[in-house]
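Structure record follows, encoded as structure tokens.
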């Protein structure tokens with residue numbers, strides 16, 4: 001189960017289809033971050049009783065973007081499910097800059113983020 005926010009969703013959908021993982025990987029796109037949709041997320045997650053791993057993926061570096069805001073909120077929803085799961089981070093490493101500023105490097109980093117989403121499948 002990959003939770004995310006933003007336009008990277010479209011790249012992930014294409015990659016999931018290309019890999020034939022439509023029935024192995026689910027995406028939950030959270031666009032309203034404040035106020036956080038606790039109840040709505042809980043209802044959606046209840047629709048995936050077999051999900052055992054939960055990741056939050058973002059294209060921004062770990063210390064930027066939505067992850068720091070949503071991590072504890074997602075974990076509180078997961079606690080309500082009672083399965084002992086915790087959300088893990090997938091995406092770029094911490095960095096002082098939101099993007100490298102060089103197109104070629106950005107493309108390489110973006111590709112690595114998408115690869116990370118499907119790592120170990």
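General remarks:
- Looking across 19, 29, one residue alone is closer than 24 Å to residue 113 by Cα and touching a strand residue (DSSP E or B) at 6+ places or on another chain (Cβ under 9 Å). It is 29.
- Candidates in region 64-121 are the residues that are touching a helix residue (DSSP H, G or I) at 6+ places or on another chain (Cβ under 8 Å) and in a strand (DSSP E or B); of these, the one that is modelled with the lowest pLDDT is 92.
- Verdict on residue 57 being in a strand (DSSP E or B) and surrounded by 15 or more Cβ atoms within 10 Å (Cβ to Cβ): yes
- Qualifying residue in region 70-88 (condition: closer than 18 Å to residue 115 by Cβ and loosely packed, with under 12 Cβ neighbours inside 10 Å): yes
- Applying the condition of being under 13 Å from residue 69 (Cα atoms), under 16 Å from the mean Cα position of the chain (by Cα) and exposed (fewer than 14 other Cβ atoms within 10 Å of the Cβ) to region 22-37 and asking which residue is modelled with the highest pLDDT yields 33.
The values are calculated or read from the model by the stated rules, or taken from the named source; none is laboratory data. Remember, predicted model here, so these are calculated numbers, not experimental data. Neighbour counts are summed over all protein chains in view; Cβ atoms, including those assigned to glycine, are modelled from backbone coordinates with ideal geometry.
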